[in-house]
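Before any comments, here is the structure.
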Amino acid sequence: MARYTHASIDLAALSYNFAAMCDFSPNSKQVVVVKADAYGNGAVATAKHLQDKADMFAVAFLDEVFELREAGIQQPILVLQGPHREQECELTNSLNVIWLLHTEQQLNWINKRIENNEIDNLHHWVKFDTGMHRLGLLLKDYESFHREYRHIFHSKTVVATHLATADEPENDLSALAINTFIRAMKGRHGCLSIANSAANICLPSAALTWNRMGISLYGSSPFEHDELAVDLKPVMQLHSEVIALRQIEAGESVGYGATWTAEKPSLIATVALGYADGYPRQAPIGTPALFAGERAHLVGRVSMDMLTFDVTHLQQVDIGTPVELWGKNLSINTVAKHIGTIGYELMTRISKRVPRVYL
């Protein structure tokens, strides 16, 4: 590598988290979600590592399927947004994809092709809306859909929903949505999917036939405010190093716009990572990082390729000192809180120019 900056991906931690999440729902099948390049951790590497454990993989849209198939991944792949174009339905069998159908238009596309014996009619998922109001059919229309699209609604159909407030354990809306959904499907479908990572942990009634394992797999708590402590291990560690040190005097400023001014003589460390690598430009002064295990704080604006930290108080910092932006010793959620975002965003936005090193 031309520079030390990299994201190390701990595959042993990946396996640990998979097992930990399975323990919450031992009677459920597990969908491993690898959309957005496995939340920035590498979809192919994740799928290859878990291909003997996962029952199914999931991506957001069809384009994300091709990389997995080209890498030799054989498991069925659930496409969470369903087909965006009717022509995509023609690839159902050849790519062994399962569509999560959420509009009547999609139901019509698939039903028509089943009637014409163009695609397999055994594996389909259908999504109903229980309060998220993004995607999904309305529960009140179930009977009419069942009559109209009989090739889709049968005993092997998986019916799914997505909870709007599963990451808020005390919010009663989740229990209401679960109960509404289960009552609506009673006597109609035995294959149900409700639980994402958060619901699998804190809402046992949501752990049914299939669970969808997302952020928890990668070692980040699905709870924005850490309401529940979950024994997960971080998979991604973002590393860089000090490439310059600068002693400045009181009254001197650092970075674009001179947004931070030293109140006393200060030692400033420049780190080889910036917003082109996916580190958020909006990260405020005071955002932490670890320098050889010791905490220091961001000063000045994030630039395209570099960050600057005040390391005046640290015992020993040199050019080449390793820096942990987040990982095993500094939680990604801790950094996210300083920035005003969530761990999901930090993890997924790390750019392709940051090499992934698999451990």
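Laid out as a table, the results:
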quantity: Qualifying residue in segment 50-57 (condition: assigned to a helix (DSSP H, G or I), of a type outside the set (D, E, K, R) and crowded, with 20+ Cβ neighbours inside 10 Å); calculated: yes
quantity: Residue in segment 281-291 that is closer than 30 Å to Met132 by Cβ, under 26 Å from the mean Cα position of the chain (by Cα) and without any contact (Cβ under 8 Å) to a residue 24 or more places away in the chain present; calculated: yes
quantity: Per-region count, segment 209-239, residues among the hydrophobic types (A, V, I, L, M, F, W, C) and modelled with pLDDT of 90 or more; calculated: 8
quantity: Those residues of segment 66-86 which are hydrophobic (A, V, I, L, M, F, W, C) and farther than 20 Å from Val158 by Cα, in sequence order; calculated: Phe66, Leu68, Ala71, Ile73
quantity: Per-region count, segment 235-273, residues closer than 30 Å to Thr46 by Cβ, assigned to a strand (DSSP E or B) and in contact (Cβ under 8 Å) with a residue 60 or more places away in the chain; calculated: 6
quantity: Residue check, Glu241 surrounded by fewer than 22 Cβ atoms within 10 Å (Cβ to Cβ) and either in contact with a Cys (Cβ under 8 Å, 6 or more places away or on another chain) or assigned by TED's automatic domain parsing to the domain that holds Val317 (or both); calculated: yes
quantity: Single match in Ala195, Ala160 (criterion: in contact (Cβ under 8 Å) with a residue 60 or more places away in the chain and out of contact with any Lys or Arg (no Cβ under 6 Å at 6 or more places or on another chain)); calculated: Ala195
quantity: Filter pass, Ala60 being closer than 24 Å to Gly343 by Cα, in contact with a helix residue (DSSP H, G or I) (Cβ under 6 Å, 6 or more places away or on another chain) and not β-branched (Val, Ile, Thr); calculated: yes
quantity: In segment 110-134, residue surrounded by the most Cβ atoms within 10 Å (Cβ to Cβ) [restricted to those that are of a type in the set (A, V, I, L, M, F, W, C) and either under 20 Å from Ile182 (Cα atoms) or at pLDDT 95 or above (or both)]; calculated: Val126
quantity: Hits in segment 17-34 (condition: in contact (Cβ under 8 Å) with a residue 60 or more places away in the chain and surrounded by 17 or more Cβ atoms within 10 Å (Cβ to Cβ)); calculated: Asn17, Phe18, Ala20, Met21, Phe24, Ser25, Ser28, Gln30, Val31, Val32, Val33
quantity: Positions within segment 6-49 being closer than 19 Å to Leu208 by Cα and not in a loop (DSSP other than H, G, I, E, B), in sequence order; calculated: Phe18, Ala19, Ala20, Met21, Cys22, Asp23, Phe24, Lys29, Gln30, Val31, Val32, Val33
quantity: Boolean, Leu101 is under 21 Å from Ser197 (Cβ atoms) and either surrounded by fewer than 21 Cβ atoms within 10 Å (Cβ to Cβ) or touching a strand residue (DSSP E or B) at 6+ places or on another chain (Cβ under 9 Å) (or both); calculated: no
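The values are calculated or read from the model by the stated rules, or taken from the named source; none is laboratory data. Quick caveat, the model's predicted, so the values are computed rather than measured. Reconstructed Cβ throughout: ideal geometry from the backbone, glycine too, with neighbour counts over all protein chains shown.
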